[in-house]
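Report on the structure given below.
The values are calculated or read from the model by the stated rules, or taken from the named source; none is laboratory data. Owing to the predicted nature of the structure, the values given are computational and were not obtained by experimental measurement. Don't worry about glycine lacking a Cβ; one is built from the backbone with ideal geometry, like all the others, and counts go over all protein chains shown. Surface accessibility is based on the protein's heavy atoms, side chains included, excluding ligands, DNA and RNA. Shrake-Rupley method; radii C 1.70, N 1.55, O 1.52, S 1.80 Å.
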Amino acid sequence: MPDVQPLVRDFVLKLKRRKVEGSHAVARQTAELLRSVVSQHRMGSSANQAAALADAVRAVGEQLIAANPIELAVGNIVRRVLHIIKEEDISATAVGIEGLSVTVDSDDEYDSEHDDRPSLSAAVLAAHARNALRAPSLQTLLEDIPVSPAISRTASSAGDSDGKTGDKSSTRKLKHDVIAAIGDLIDEIDSCYEPISEQAVELIHQNEVILTLGRSRTVKEFLYAAKEKKRSFRVFVAEGAPRYQGHILAKELVEKGVQTTVITDSAVFAMISRVNMVIVGAHAVMANGGVIAPVGMNMVALAAQRHAVPFVVVAGSHKLCPLYPHNPEVSLNELKSPSDLLDFGEFSDCMNFSTQDGSLLLNVVNPTFDYVPPKLVSLFITDTGGHSPSYMYRLIAEYYSADDLVVRRKSTS
């Protein structure tokens, strides 16, 4: 793929240098890049074109995941595209089966003489049906199930005269369908705020007090939707130190006419007793229902639990990750620059102090994220509806196939 490699290298560089941040931007650009990879991929003459296409996507996906492991949305989109390839291949195979007959042992000479259609054995069809129609679950994610070429091999052996022409047309259709499905995925990412915001009027009631931390576009659109439905409510915005993104959200809410109060992060526990509901965004939602969110969020969740205040997480489906927080390849956090916390001009004298073994007396730790366990989450609001933390296991499984774990294993080997 000579035409795509410059695009891949450019995006890898952006991920490494943190030029692209935020789950929405990362997910969208990843999907656009993978659509280009599929578009430029040359479909050869091998029997299993779907597997070859998946290998090309997987090779690029490994590079993207390794470039910035903390951006879990990259891996999510790579796995979604692998799932799309598998589903389109199954769909094409099912269409091909429609013109085939099943062969069984029979003494009827008429059937053998007059049925000129390509035939498959009942065993082959049954095996393929079990593989294709298997209900998705995270258990299937742990199985390395390749896209089976049994159907195409059998069909081609039964009808060699039409094999080459059929293979070319089916190959073009597979590629076209995958590109179209990735386009639908990009549209889904772009429009995820709308179905989430539509649920705001059912959740936010008149004269309620809402608390949030930092700034999340999903939360902002959610609150906007409630305001447009003539709901009267008040919002406490914890400022989200040290980046203080809450200041930006507070200004945006005021411009929409929402009564807003900015509080320090340390004041959350003091104010939580006056709050009816906590509504926050997420960086990623894990398979166990846990949440990776901006730093300080675990403190907010603990305060909400202590005062029996519902803790609601709003997140688009591109943030749903099929991995668990204990998986070794999952990066739960990264450290930002200490300059966000300290002015080195004021603390320059302290930097020279050290213990007898040479270690510095002053250390600065500036984590980016918190992990919120599922027991602290009351409800998830996604573009498919509201779900409890225990249901996220099944919801996430609907978006991915067994191929996604292949990416994970290779990227950690």
Round to the nearest 10 and report in Å² the accessible area of residue 320, as given by a 1.4 Å probe over the protein chains' heavy atoms.
0
If each residue of separation counts as 0.36 nm, what is the full-extension length gain between residue 241 and residue 39 once their alpha-carbon separation is subtracted?
68.4 nm
Label-zone membership for region 1-31, site residue 55, 7 angstrom Cα→C-beta point, backbone N under 17 Å
1-2
Result for region 230-319: accessible area per residue, probe 1.4 angstrom, in square angstrom, of 39
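At 0.36 nm per residue, and after removing the present C-alpha to C-alpha distance, how many nm does the segment from residue 363 to residue 232 gain when stretched out fully? Don't skip to the end; give the middle numbers.
On the way: separation 131, 0.36 × 131 = 47.16 nm, distance 4.57 nm.
The span from residue 363 to residue 232 would gain 42.6 nm if fully extended.
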Calculated FRET efficiency for the pair residue 91/residue 248, C-beta based, R₀ 56 Å, to 0.05:
0.80
I need the trypsin sites (Lys or Arg not before Pro) found in region 203-260, filtered to DSSP loop residues with at most 13 other beta carbons within 10 Å of theirs.
229, 230, 256
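Within the accessible area of region 272-330, what % is carbon and sulfur when the probe is 1.4 Å and the other protein chains stay in place?
Details: 930 of 1720 Å².
Taking all protein chains in place, region 272-330 shows 54 percent carbon and sulfur surface.
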Could you check the simple spin-label distance between residue 194 and residue 172, using points 7 Å along Cα→Cβ, in nm with one decimal?
3.3
Suppose every K and R has +1 on its Cβ and every D and E has -1 on its Cβ; what is the size of the dipole of region 232-357 about the Cα centre, in Debye to the nearest 20?
780
With labels modelled as points extended 7 Å from the Cα through the Cβ direction, what inter-label distance (nm, one decimal) is found for residue 255 paired with residue 308?
4.0
Shape verdict for region 211-315, please, from the Cα gyration tensor: rounded (a/c under 1.5), prolate (a/b greater than b/c) or oblate.
rounded
In nanometres, what is the gap between the two model label sites at residue 271 and residue 333, each 7 Å from Cα along Cα-to-Cβ?
2.4
